[in-house]
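Worksheet: the structure to be examined is printed underneath.
The values are calculated or read from the model by the stated rules, or taken from the named source; none is laboratory data. Since the model is a prediction, treat every value here as computed from it, not as a measurement. Because the Cβ atoms are built from the backbone with ideal geometry, glycine has one as well, and the counts that use them run over all protein chains shown. The protein model used for the area step is the full one, side chains on, heavy atoms only, and it has no ligands, DNA or RNA in it. Shrake-Rupley method; radii C 1.70, N 1.55, O 1.52, S 1.80 Å.
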Amino acid sequence: MSKRQNTPVSSRKRPQQSRSADLVATILEAALQVLQREGAQKFTTARVAERAGVSIGSVYQYFPNKAAILFRLQSDEWRQTGGMLRNILQDAQQAPLERLRTLVHAFIRSECEEADIRAALTDIAPLYNDDPEAQEAWLSWDRTVQIFIEELLPAASAATRSIVEELISTTLSSAGEYVSANGYPASRIDAYADALADMFCAYLSNVKDNNESTIAVNEDQKPA
């Protein structure tokens, strides 16, 4: 069994005043710049402090180490992207499959936009897997997908919907990692997202048709 990591990833404290909030925002913006310009290997709290134009003590006042900075960047991204994806799936003005298509494009674009910091965030993933904030973000996403699939496939069994939910989430995640790691141009990214959305829509339409056909057959076979 591997030794459990004990490195703290939570911020030391949340800023209470606007000046403190501005300082934290400056530190986080500097952290993004260091990651994007110098890569994960050169990412240190000292480089972040230098880029932000503040003392390293000011950084440590809010973040005990570089893992805590990276986790804050990750959690901020969860909130922003998660909110955007929830709004897409809950948009009742669009048909369900159109919402899914919009979501696929938005998710893949989001993954590609954060490709520059993915290596660093992946490196600290084992540190935050058990963090309550991480667990809350994943559970919120799972619930969002569950509600959407219940709307799309009301006649499907719970077991069928569970498979569909897992397939969509895991395939989206794997596809996002793959596309973002390959540095595709925008046209290739859009084409990939289109193909992935086509695949999801065809699969879900087939599941829906099969379930509705089964119900119709069962209704026909009921005794008069």
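Tally up the residues in the range 139-156 that are touching a residue at least 12 places away in the same chain (Cβ under 8 Å) and either at positive phi or not in a helix (DSSP H, G or I) (or both), please.
Counting residues in the range 139-156 that are touching a residue at least 12 places away in the same chain (Cβ under 8 Å) and either at positive phi or not in a helix (DSSP H, G or I) (or both) gives 3.
Search the range 78-103 for residues that are touching a residue at least 60 places away in the same chain (Cβ under 8 Å) and more than 16 Å from L172 (Cβ to Cβ) and pair each with any residue that is outside any helix (DSSP H, G or I) and open to solvent by less than 50 Å² (accessible area, probe 1.4 Å) when their beta-carbon atoms are under 8 Å apart and the residues are at least 6 apart or on different chains.
Qualifying pairs under 8 Å: none.
Residue by residue through the range 141-168, note down the ones that are under 14 Å from the mean Cα position of the chain (by Cα) and surrounded by fewer than 16 Cβ atoms within 10 Å (Cβ to Cβ).
D142, R143
Take the residues in the range 48-77 that are of a type in the set (S, T, N, Q) and at pLDDT 90 or above, then tell me which one is nearest to L23 (Cα to Cα).
Looking at residues that are of a type in the set (S, T, N, Q) and at pLDDT 90 or above, I get S58.
What are the residue pairs meeting all of these: first residue in the range 164-175, first residue acidic (D, E), second residue open to solvent by less than 40 Å² (accessible area, probe 1.4 Å) and in a helix (DSSP H, G or I), Cβ atoms under 6 Å, and 6 or more apart or on different chains?
As it stands, the answer is E165/V145; E165/I149, since those pairs meet every condition given.
Hey, any hits in the range 189-196 for a residue that's open to solvent by less than 70 Å² (accessible area, probe 1.4 Å), closer than 30 Å to F71 by Cβ, within 17 Å of the chain's Cα centre (by Cα) and modelled with pLDDT under 90?
no
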